[in-house]
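The values are calculated or read from the model by the stated rules, or taken from the named source; none is laboratory data. The model shown is predicted, which means the values in this text are computed figures rather than measured ones. With ideal geometry, Cβ positions are generated from the backbone for all residues, glycine too; neighbour counts draw on all protein chains shown. These area figures cover heavy atoms from the full protein model, side chains too; ligands, DNA and RNA do not enter into them. Shrake-Rupley method; radii C 1.70, N 1.55, O 1.52, S 1.80 Å.
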Amino acid sequence: MFDLKDLYQEVIVDHNRSPRNFGKLAGADRMLEGFNPLCGDRLTLYLKLADGRIADISFDGTGCAISIASASLMTDAMKGKTTAEAETIFNQFHELVTATRADPDLEKFGKLAALAGVREYPTRVKCATLCWHTLHTALTSDQTTVTTE
Amino acid sequence: MTSKGTAARYQAGPPAFDVEAVRADFPILSRQVHGKPLVYLDNAATSQKPAQVIEAVDHYYRHYNANIHRGVHTLSAEATAAYEAARHKVRDFLNAGSDKEIIFVRGATEAINLVAQTFGRSTLKGGDEIIISTMEHHSNIVPWQLLCEQTGAVLRVIPINDKGELIMEAYEKLLSERTRIVSIVHISNALGTVVPVKAVIEKAHQRGAVVLVDGAQAVPHASCDVQALDCDFYVFSSHKLFGPTGVGALYGKQRLLEQMPPYQGGGDMIKMVTFARTEYNDLPYKFEAGTPNIAGAIGLGAALDYVNRIGLAAIAGYEQDLLAYGTAALQEVPGLRLIGTAPDKASILSFVLDGIHPHDIGTILDHEGVAIRTGHHCAMPVMDFFRVPATARASLAFYNTHAEIDTLVRAVFNARKIFAK
Ligand SMILES: Cc1ncc(COP(=O)(O)O)c(C=O)c1O
């Protein structure tokens, strides 16, 4: 049996209560909305790109603790990364929360490892991945909205 | 009925209702979830099924499974008789005037679409108006939007107030000689509000409009009499009424059903087919093309027998007591706001909690074995009205107990603790 505390770790609760990089980004050159029609979670991602890097990134919107904390942690982790690095982290994170690898190396995820508990809650994986899919789409296409369905 | 506001006080209710006896009829209630006894509080989404219903379906498949209305053999005759007996039970349950007025459909959603696409499509034209309310389920919004696109009719929406009640004065202002259809929920799934449908119907009839009542959430809680209401159409789903999924009923006044074109074409809905001309069958078969959900209808019949045996009056009395108890208990939780506080309410408790999103509440409660629904409840306009993205909703049935409400409230307190780090 899973412990709820593995899902709602202190890092998650903290990032939900005081999300980092929250709010519009002045001078953003990419803006994309992510929407989960099933639960109504709605996040907007703001990006400033320079020299193939994510120079700055922020988000706003409403959602559950998992989706807000995930967006907060993701934006922290993405600052300064090249788009290629961002894609690698996206793929690794996806693997982490969808449990495609049995024994993830949590070390390499740093603070993002706090979201690993989601893998035990299939109904909540979409909450954790909403902002990630939004970022992935923002970096790889010129769509203006993303939905999880 | 509950009193509302922060000072809602619970006084133990009257009914000598043997809840343990009815619980014994529902096999699923003895299962565990995450090592805890299941506390099933998602009855508005779908209800659990008593053994009597499960056995009726099982018995049909084991002993007289056959297609209806077509075989001369014994099994077909038995299946036809059971299917038609179920129709008769629905007729009694709604107090309809005739079995011909009861059409078996897939559920409330299909019934509303049927009325929109047959009655609506054949009678409405550009500029005609359809009235619904802010608190409709999406299934009582989208079929009318489709009809509006097809005919040029216009959709009008009756507003609600902060308690989640229909604003009747606004409704009267919306009514005009352009109003053709009023389609209104009987009990709101998101708020629990009981809508005064009799008054709604009377006013619509004064303008010559036809009224459909969406009874999906009403039939498990209150008896309804379509003749006393004088509604033109009434719809419900079996699965919310302790019966199987995939079946439901449309009641329609015979005069209207006779005028309406068929919904779908196929077997059973015809009298005679040639390539030159097809003659439609009589009511109710005109609207039942193809092999219907025979087992489902028989299961629904068994569910109605079951509900009748307990009695809707006893059920309502017990549920109102539970509702009062739950309302008072939830209001003790700091930072909790009930969404839907109409004085006349069914046993539905929608709420939001400061600083905790409904989905997190849902996951935490699930860990305690408590099943509730979180989200927009297919009523996004209601969420918009109350300016919340979603709510947590506990919806109670007569097999729920006061102790289960205590478990719910304890779990909500636990959610606060987890988020108070
Ligand atoms: C008020 C109301 N109307 C209609 C429906 C649709 O019922 P079904 O999905 O069984 O067709 C529901 C189901 O949630 C409901 O609550």
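List of remarks:
- Centre-to-centre separation between the Cα atoms of the stretch B:222-251 and those of the stretch B:318-372: 27 Å.
- 10 Å Cβ neighbours from other chains, averaged over peptide A:39-46: 3
- Chain A: angle of helix A:125-140 to the longest principal axis, Cα-based, in degrees nearest 10: 30
- Fraction of accessible area attributable to carbon and sulfur, the stretch A:38-127 (%, probe 1.4 Å): 52
- Estimated from the Cβ-Cβ distance and a Förster radius of 30 angstrom, the FRET efficiency linking residue B:23 and residue B:313 is about 0.95.
- Mean-position separation - Cα centroids, the stretch A:65-85 and the stretch B:166-181, in angstrom: 51
- Loop-located chymotrypsin sites (Phe, Trp or Tyr not before Pro) in the stretch B:346-421 whose Cβ has at most 13 other Cβ within 10 Å (DSSP): none
- Summarising the label geometry, the points placed 7 Å from Cα in the beta-carbon direction at residue B:11 and residue A:91 lie 6.9 nm from one another.
- Site pair residue B:255 and residue B:198 shows an inter-label distance of 2.1 nm when each label is modelled 7 Å from Cα along Cα→Cβ.
- Legend: residue pairs B:89/B:198; B:100/B:240; B:240/B:286; B:173/B:240; B:49/B:417; B:173/B:198, Cα-Cα distance threshold 29 Å; pairs beyond threshold, B:173/B:240; B:49/B:417.
- Antiparallel content of DSSP bridges confined to the protein assembly as shown, in %, to 5: 65
- Whole-percent carbon and sulfur share, accessible surface of chain B, 1.4 Å: 52
- Calculated diffusion of the protein assembly as shown, Stokes-Einstein form, Kirkwood radius summed over Cα pairs, 37 °C and 0.692 mPa s, µm²/s: 126
- Averaged over peptide B:359-369, the number of partner chain Cβ atoms lying within 10 Å of each residue's Cβ comes to 5.
- Nearest-0.05 FRET efficiency for residue B:207 and residue B:402, computed from C-beta distance (R0 41 Å): 0.35
- Bridging of residue A:111 to lysines at a Cα separation below 17 Å is possible for A:5, A:79, A:81, once same-chain residues fewer than 8 apart are set aside.
- Scanning chain B for long hydrophobic helices, with DSSP H runs required to stretch 27 angstrom or more by C-alpha along their axis and to average at least -0.5 on the Kyte-Doolittle scale, returns B:74-94.
- Solvent exposure of the protein assembly as shown as accessible area per residue, Å², 1.4 Å probe: 41
- By accessible area with a 1.4 Å probe, ligands and nucleic acids excluded, highest first: order of B:102, B:418: B:418, B:102
- Note: relative contact order over the stretch B:331-412, using C-alpha pairs below 8 Å and six or more positions apart, is 32 percent.
- 16 Å Cα-Cα reach of residue B:36 towards aspartates and glutamates, excluding residues that sit fewer than 8 places from it in its own chain: A:3, B:366, B:368, B:404, B:406
- Partners for residue B:125 among aspartates and glutamates (Cα-Cα distance below 16 Å; same-chain residues under 8 apart left out): B:149, B:177
- Positions from the stretch A:65-87 whose accessible area shrinks by 30 Å² or more when the full protein complex is built, not the chain alone, probe 1.4 Å: none
- Value of [θ]222 nm, deg cm²/dmol, for chain B, DSSP H segments ≥ 4, -39500 (n - 2.57) each, nearest 500: -10500 deg cm²/dmol
- The trypsin sites (Lys or Arg not before Pro) of the stretch B:34-142 that meet both conditions, a loop assignment by DSSP and at most 10 other Cβ atoms within 10 Å of the site Cβ, are B:125.
- With each label modelled as a point 7 angstrom along the Cα→C-beta vector, the residue A:55-residue B:354 pair spans 4.2 nm.
- Highest average first, the peptides A:124-137, A:52-65 ordered by how many other beta carbon atoms sit within 10 Å of their residues are A:124-137, A:52-65.
- Across peptide B:347-357, the mean count of Cβ atoms from other chains lying within 10 Å of each residue's own Cβ comes to 2.
- When the charge dipole of chain B is built from unit charges on Cβ atoms (+1 for Lys and Arg, -1 for Asp and Glu) and taken about the Cα centre, the candidate among B:420, B:326, B:167 whose Cα reaches farthest toward its positive end is B:420.
- Averaging the sequence gap over all C-alpha pairs within less than 8 Å and six or more residues apart, then dividing by the number of residues, gives chain B a relative contact order of 24 percent.
- Antiparallel content of DSSP bridges confined to chain B, in %, to 5: 60
- Amide N proximity, the stretch B:139-161 versus residue B:173 label position 7 Å along Cα-to-Cβ, cut-off under 17 Å: B:156-161
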